1. Open to solvent by 70 Å² or more (accessible area, probe 1.4 Å) and within 13 Å of the ligand (Cβ to nearest atom): does that describe residue 193?
2. Looking for whichever is within 13 Å of the ligand (Cβ to nearest atom) and of a type outside the set (Asp, Glu) here; the options are 214, 178. Which one fits?
Amino acid sequence: PEGRAARTALALREATAAGAWALLDHPMLALEVAGSPAYLEPDAVVVHPDGTWTVVEIKSFPMVDGSADAAKVGAAARQSAVYVLALERIAAVTEGAEVGHQVLLVCPKDFSNLPTASVVDVRKQRAVTDRQLTRLTRVEDIAAALPEGTTFDPDRSPEELGTAVEAVPAAYAPECLAACELAFHCRAKARAEGAVESLGRSVRGELGGLTTVAGVLAAAAGKEGDPADPTVAALRRAAALRAEALAGVGGGVACR
Ligand code: SF4
């Protein structure tokens, strides 16, 4: 990939200098992520005669009557924004080059096998991704914090690998179950610690400074927590409403 990325950069420079239309089919781009190079392969990049570079993303989801599934378009926009960032690194050292912040999304038209395309503005996704990339902890810093000799070599014994995995802090969320092979391990660990993360990221966000299920229950029961804290106040109100509702249900059953 390193060689292909270098050849892509050269081809982009030559096409820009030529001042004519050019299409790069599956070029290879490099982007530094947390201090390590990541290689990316957009479907195509178009070089305009004025030196603008446009990312082309081809997807299999349909565009019906000119519009497509918003969630899928959003995912394609986020993916394209990463390509835009990678291209910007090359454009910065290429005379007369500029990367367009509008990408061309190509999809099947109305469930047929004919292509149709739409221009998608990725400025917002580009800004968000750029901010996230600058905030990422460098791989070297994460590695430096690990105990000496930690390795994830698959040839090591399960015990050694277990110890190595334990040494790395995890931020489990139920979403991990769909994406990560370590999900069952991290879920068991989160549950054993009573971490509120195991209830989901949105619940975690709502609970503010309360980090354990036991702490949340104690706050709701009025045993812990500052009543002036809006989260604690909301939990107590919810607990009171629940108790009221349950008492109502009990009363109904007794009447019958
Ligand atoms: S399941 Fe995977 S992604 Fe989720 S916290 Fe564990 S290691 Fe990280």
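1. yes
2. Unique residue meeting the criteria: 178.
The values are calculated or read from the model by the stated rules, or taken from the named source; none is laboratory data. The structure displayed is predicted, hence computed values, not measured ones. Every residue, glycine as well, gets a Cβ built from its backbone with ideal geometry; the counts of neighbours run over all protein chains shown. Protein only, heavy atoms only, side chains kept; ligands, DNA and RNA dropped before computing areas. Shrake-Rupley method; radii C 1.70, N 1.55, O 1.52, S 1.80 Å.
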